[in-house]
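K.L.:
Got a structure for you, questions after.
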Amino acid sequence: MKISDCILFILLFLLMTFPGSSSGQSKELPSDRESIDKGETLFLNNCNVCHAIPVERIGPALSTVTKKRSLTWLLGFIKNSQSMITAGDTHAVFIFRSYNNTVMPSFKKLSDDDIFDILAYIQDASKTGSPKDLHPEVLLSGKYGDAILHGKFLFDQQCAVCHAFDKEVIGPALGSTPKTLPLSWLIPFVHNSQEVIKKGDIYANFISEQYDHYKMPAFTYLSENDIRDIFLYLNAKATGPVHISGSNAALNPDLSPMSKLKVDPGPPRMSFEEGRHYRRYISLNLIQGLFLLGALIHIAFIIALAFIFFRLINK
Ligand code: HEC
Ligand code: HEC
């Protein structure tokens, strides 16, 4: 046998046996009924006091959150949100501040699979939205009433073909978006999302990829204040009638984080460069690390075999 044949043979053997190079991609969520039902029960028992899928409660509406964050981020946040906040994860810190530093309890007792089931349920429920009729006429009163009404008009006209506040349409649900992303990001994104994507903004690229690079149209004819009004309206609507009689500040745009975020000069731009959790393709977890180690040992073993083989045929 010629040496080149031997090398070819070894290469082929390596290719065939190399442990499936899984490129670090996150696990897919389960989509079978059983997992979704199990997820619903877990959600009702652990999360329901603070969260609903279509509307806000104490915590954000969770509609389409499975598309807005990577699974790695969601697992980390649900298991121990405070550790991510302390570690300075930009997104976790921003949301925590938006919800007046309300501490979400940690759920270390839930296994990864439990959390995947909960997320499968959230993903499934994001398709249907809110069965409740919210009462916009109540929500539209107050100091920001006119701005909210203006926002509603613009939203219905420009955005409602693709977005709802409580469920996924063509694009993601926007209910809690005003509290989970800063206005300083939202305004340029709505103005011209493709430009923000081209500039390399990590989150914009992440969400665009989640929606198969669907190109949301640019709204360059909307002013900064127009766009702010749309989010004031969505914020008021997502807060829902749950808060009407209570003292919950979220209903009152005066007290909600929205009003603190002035359009001009604007809050400091959130640096998504730190959003390492979105770089899910790079992250090598322990199992993949072990695979890699296995593969290296494998290669070393084959090289040793080849070496012995050559020594033998050269004799
Ligand atoms: C005691 C109230 C409380 C409970 C219980 C709770 N959460 Fe939360 N959750 C919050 C608050 C408040 C926030 C906003 C961030 C913060 O304040 O840390 C939040 C944020 C989140 C986020 C981030 C949303 C985003 O847009 O990124 C996810 C995901 C989440 N919760 C999932 C869950 C799940 C799943 C459960 C149940 C296993 C749960 N939460 C139980 C209060 C709660
Ligand atoms: C033709 C469909 C379409 C229209 C119209 C549209 N969008 Fe979108 N939007 C999308 C899609 C799809 C995405 C997902 C990201 C992507 O593909 O760029 C998205 C993403 C977003 C996001 C990011 C949400 C998040 O939480 O990550 C915001 C904010 C947004 N749109 C706001 C708006 C507003 C405000 C309007 C109206 C002025 C609007 N969009 C009109 C399709 C649309």
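K.L.:
Return the sequence-ordered ³J(HN,Hα) values of segment 151-161 in whole Hz as given by the Karplus equation 6.51 cos²θ - 1.76 cosθ + 1.60 applied to θ = phi - 60°, using x for Gly and Pro.
P.N.:
Running phi through 6.51 cos²θ - 1.76 cosθ + 1.60 with θ = phi - 60° gives x, 4, 4, 5, 4, 4, 7, 9, 10, 5, 4 Hz.
K.L.:
Where does each of SER208, SER31 land when they are ranked from fewest to most other beta-carbon atoms within 10 angstrom?
P.N.:
Working: SER208 18, SER31 10.
In increasing order of surrounding Cβ atoms, one gets SER31, SER208.
K.L.:
Tabulate in residue order the Karplus-calculated ³J(HN,Hα) for segment 37-54, using 6.51 cos²θ - 1.76 cosθ + 1.60 with θ = phi - 60°, rounded to whole Hz; enter x for Gly and Pro.
P.N.:
With the stated coefficients, segment 37-54 comes to 5, 5, x, 5, 4, 4, 5, 4, 7, 10, 10, 4, 4, 10, 10, 10, 7, x Hz.
K.L.:
HN-Hα J couplings of segment 110-124 from phi, Karplus 6.51/-1.76/1.60, θ = phi - 60°, integer Hz, Gly and Pro as x?
P.N.:
The phi angles translate into 7, 7, 3, 5, 4, 5, 4, 5, 4, 5, 5, 5, 4, 4, 5 Hz.
K.L.:
Okay, next question. Kindly put ILE115, ILE202 in sequence by how many other C-beta atoms sit within 10 Å of each C-beta, fewest to most.
P.N.:
ILE202, ILE115
K.L.:
Next question, about the same structure. List the pairs from LYS38/LYS167; LYS109/LYS237; LYS199/LYS237; LYS79/LYS152; LYS79/LYS167 whose alpha-carbon separation is above 29 Å, in the order I gave them.
P.N.:
Details: LYS38/LYS167 21 Å; LYS109/LYS237 34 Å; LYS199/LYS237 32 Å; LYS79/LYS152 37 Å; LYS79/LYS167 25 Å.
As for pairs spanning more than 29 Å Cα to Cα, those are LYS109/LYS237; LYS199/LYS237; LYS79/LYS152.
K.L.:
With each pseudo-label sitting 7 Å past Cα toward Cβ, what's the GLU224-SER31 distance in nm, one decimal?
P.N.:
Result: 4.2 nm between the two label points.
K.L.:
How would ARG69, ARG97 line up from fewest to most surrounding beta-carbon atoms within 10 angstrom? Walk me through the intermediate numbers first.
P.N.:
Working: ARG69 25, ARG97 14.
Lowest to highest Cβ neighbour count: ARG97, ARG69.
K.L.:
Ranked highest first by average number of other Cβ atoms within 10 Å, how do 40-53, 169-182 line up? Could the numbers behind the result be given before it?
P.N.:
Working: 40-53: 16.9, 169-182: 22.2.
Ranking the peptides 40-53, 169-182 by packing returns 169-182, 40-53.
K.L.:
For every other residue with a beta carbon closer than 9 angstrom to the beta carbon of THR64, add +1 if it is Lys or Arg and -1 if Asp or Glu, then tell me the sum.
P.N.:
+2
Read the figures in this text as sums done on the coordinates, not as results from a lab. Predicted, not measured: the structure shown is a model, and the values here were computed from it. All Cβ positions, even for glycine, are placed from backbone atoms using ideal geometry, and neighbour counts span all protein chains on display.
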